[in-house]
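The values are calculated or read from the model by the stated rules, or taken from the named source; none is laboratory data. Here the structure is a predicted model, which is why all the values come from computation and not from measurement. Glycine also receives a Cβ, built like all others from the backbone with ideal geometry; neighbour counts cover every protein chain displayed.
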Amino acid sequence: MTTTTARAREEFDRFTQDLVTSASARDDVVGLVLLGSGADTARVDEWSDHDFYLVSTPGAQEALRTDLSWLPRSVSIVLAARETEHGLKVVYDDGHVLEFAVADLDEVRGFGTNHWRVVLDRGGVAEAVGSAALVTHARPGRPARDAVGLAVTLVLIAAGRARRGETLTAQRSVAQAVDLVLEAVTARIASADPAVTDVLDARRRAEAAYPDVAAALSQALMAAPEEGARRVLDAAEGALARGWDGWPHAAVAAVRRRLGWARPAPWARS
């Protein structure tokens, strides 16, 4: 079913308000922090889920993770799956998804945090999540040289596994190589739209931040594993090699020789 953007935002906002009301009714809740689309409602569409931190009093976390009756429309929950020590994914019978963590203030300070909006604060919540965001943005990323080196290695591994007939593990290596190429691209190239850049997940909105690279990597993920691996290598080389002394020219040439990949690739020919 397709929902108009205006209606989707109305429904999203209604659930947000219900969530704030539910959280506010509890004495063991200190705050509520919306993430993702909840932090930037201009991005809301029919596929937006609710990402959030529920900030609890110390010691109340596990009870709030296991008894979900505090959630809005809890009788309509059809799935609740524990994802991490702190977090869960929840699905409602209408397909709406929640991704959230329950933590106290000290735990929140250690979370990786990007876009956020505090909608309930009974003391210390804005400071804790602000501190977490500062730490997240200050955390050094993997050097682009290492990201590319790992990606090139995974390209070779993916092609080898594909030739063995190990399709699933080959596809996984291609996907891992895509992530590493995006890491290097975000480290080396300015985003076409800095407002959409996600420091926690380079794939998020990559189509807006790096449209050409994202399109090429998307084609790689949709291809058969060996072709996908080759497309990843071509995309990385096209985006990063020129003018960068960190590009591993010798290693890339060795991989192409080992795999018998003549140049240009068939999809690059006019």
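Does Gly38 qualify as being of a type outside the set (Phe, Trp, Tyr) and either touching a Ser or Thr at 6+ places or on another chain (Cβ under 8 Å) or touching a residue at least 12 places away in the same chain (Cβ under 8 Å) (or both)?
yes
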Every listed condition ((1) under 18 Å from the mean Cα position of the chain (by Cα); (2) acidic (Asp, Glu); (3) more than 22 Å from Asp40 (Cβ to Cβ)) holds for Asp106 save (1)
Please verify whether Thr66 is surrounded by fewer than 17 Cβ atoms within 10 Å (Cβ to Cβ), assigned by TED's automatic domain parsing to the domain that holds Asn114 and either modelled with pLDDT of 95 or more or not β-branched (Val, Ile, Thr) (or both), treating the condition exactly as stated. yes
Tell me the residue from Val125, Val108 that is closer than 21 Å to Glu83 by Cβ and β-branched (Val, Ile, Thr), please. Val108
Positions within the range 43-95 being more than 30 Å from Ala208 (Cβ to Cβ) and of a type in the set (D, E, K, R), in sequence order: Glu62, Arg65, Asp67, Arg73, Arg82, Glu85, Asp93
With respect to Val20, determine if the residue is free of Cβ contacts under 8 Å to residues at least 24 places away in the same chain and either assigned by TED's automatic domain parsing to the domain that holds Ala126 or under 29 Å from Asp106 (Cα atoms) (or both). no
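Just checking: which of the strands (runs of 3 or more DSSP E) contained wholly in the range 48-111 hold 1 or more residues that are within 19 Å of Gln17 (Cα to Cα) and in contact (Cβ under 8 Å) with a residue 40 or more places away in the chain?
In the range 48-111, 50-56, 97-103 are the strands (runs of 3 or more DSSP E) which contain 1 or more residues that are within 19 Å of Gln17 (Cα to Cα) and in contact (Cβ under 8 Å) with a residue 40 or more places away in the chain.
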Residue hits (the range 232-270; modelled with pLDDT under 90 and either of a type in the set (Phe, Trp, Tyr) or farther than 26 Å from Thr186 by Cβ (or both)) are Ala262, Arg263, Pro264, Pro266, Trp267, Arg269, Ser270
Within the range 121-133, does at least one residue satisfy the condition of being touching a residue at least 12 places away in the same chain (Cβ under 8 Å), within 16 Å of Asp51 (Cα to Cα) and surrounded by fewer than 19 Cβ atoms within 10 Å (Cβ to Cβ)? yes
Quick one: which residue in Ala215, Ala253, Ala223, Ala241 is assigned by TED's automatic domain parsing to the domain that holds Arg164 and touching a helix residue (DSSP H, G or I) at 6+ places or on another chain (Cβ under 7 Å)? Ala223
